[in-house]
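Colleague: Supplied in structure tokens, the structure appears directly below.
The values are calculated or read from the model by the stated rules, or taken from the named source; none is laboratory data. Because the structure is predicted, anything quoted here is derived from the model rather than measured. With ideal geometry, Cβ positions are generated from the backbone for all residues, glycine too; neighbour counts draw on all protein chains shown. Protein only, heavy atoms only, side chains kept; ligands, DNA and RNA dropped before computing areas. Shrake-Rupley method; radii C 1.70, N 1.55, O 1.52, S 1.80 Å.
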Amino acid sequence: EVQLVESGGGLVQAGGSLRLSCAASGFTFDDYGIGWFRQAPGKEREGVSWIRRSDGSTYYADSVKGRFTISSDNAKNTVYLQMNSLKPEDTAVYYCAAAPDSRWSIRKYAIAYRYWGQGTQVTVSS
């Protein structure tokens, strides 16, 4: 069974940190790129960060550069998103998703992704 499970969300004060995890199973993890997206109520889904498992390349949205770090533990089939200096505008449901490596060039678009997790809530208070 293909599965992506996010964890690590919660409530944190502005300036604080959280680490999100995305645990994958049921597919060849190393053949995929993993993206983190977020969606706040009434807003469009926004790409946050991406990692290409084949070569370790990473990419960040301008809104999180310098604050978030994406990484992977290949042995655990898990991708992490370390979020520092959190702001209230970071509040959203965060999703991880897996796209075939061949779709890396369109990683910013949801259509690239074959599998999605159910999301984890991140709430940043003022």
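Colleague: Please count how many residues of the range 72-83 are open to solvent by less than 40 Å² (accessible area, probe 1.4 Å) and free of Cβ contacts under 8 Å to residues at least 60 places away in the same chain.
Modeller: Result for the range 72-83: 2.
Colleague: Now for a separate question. Which numbered condition in (1) within 26 Å of LEU11 (Cβ to Cβ); (2) open to solvent by 40 Å² or more (accessible area, probe 1.4 Å) is the only one that ARG52 fails?
Modeller: (1)
Colleague: Would you be able to say whether some residue in the range 105-115 is assigned to a strand (DSSP E or B) and farther than 23 Å from VAL12 by Cβ?
Modeller: So far as the range 105-115 goes, yes, one or more of its residues are assigned to a strand (DSSP E or B) and farther than 23 Å from VAL12 by Cβ.
Every residue, every condition in (1) part of a strand (DSSP E or B); (2) touching a residue at least 12 places away in the same chain (Cβ under 8 Å); (3) open to solvent by less than 40 Å² (accessible area, probe 1.4 Å), yes or no:
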position: CYS22; (1), (2), (3): yes, yes, yes
position: GLY35; (1), (2), (3): yes, yes, yes
position: ASP62; (1), (2), (3): no, no, no
position: LYS65; (1), (2), (3): no, no, no
position: ILE70; (1), (2), (3): yes, yes, yes
position: SER85; (1), (2), (3): no, yes, no
position: SER102; (1), (2), (3): no, no, no
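Colleague: Residues in the range 87-98: is at least one over 23 Å from GLY26 (Cβ atoms), open to solvent by less than 60 Å² (accessible area, probe 1.4 Å) and modelled with pLDDT under 95? Walk me through it before giving the result.
Modeller: To start, the set of residues in the range 87-98 that are over 23 Å from GLY26 (Cβ atoms) comprises 87-92.
Remaining after also requiring open to solvent by less than 60 Å² (accessible area, probe 1.4 Å): 88, 90-92.
Filter again for modelled with pLDDT under 95, leaving none.
Looking through the range 87-98, none of the residues is over 23 Å from GLY26 (Cβ atoms), open to solvent by less than 60 Å² (accessible area, probe 1.4 Å) and modelled with pLDDT under 95.
Colleague: Filter the range 72-83 for residues that are under 16 Å from GLY47 (Cα atoms) and either within 10 Å of the chain's Cα centre (by Cα) or assigned to a loop (DSSP other than H, G, I, E, B) (or both) and give the result.
Modeller: Listed by number, the residues that qualify are VAL79, TYR80, LEU81, GLN82.
Colleague: Can you pull out every residue in the range 24-33 that is open to solvent by less than 50 Å² (accessible area, probe 1.4 Å) and at positive phi?
Modeller: none
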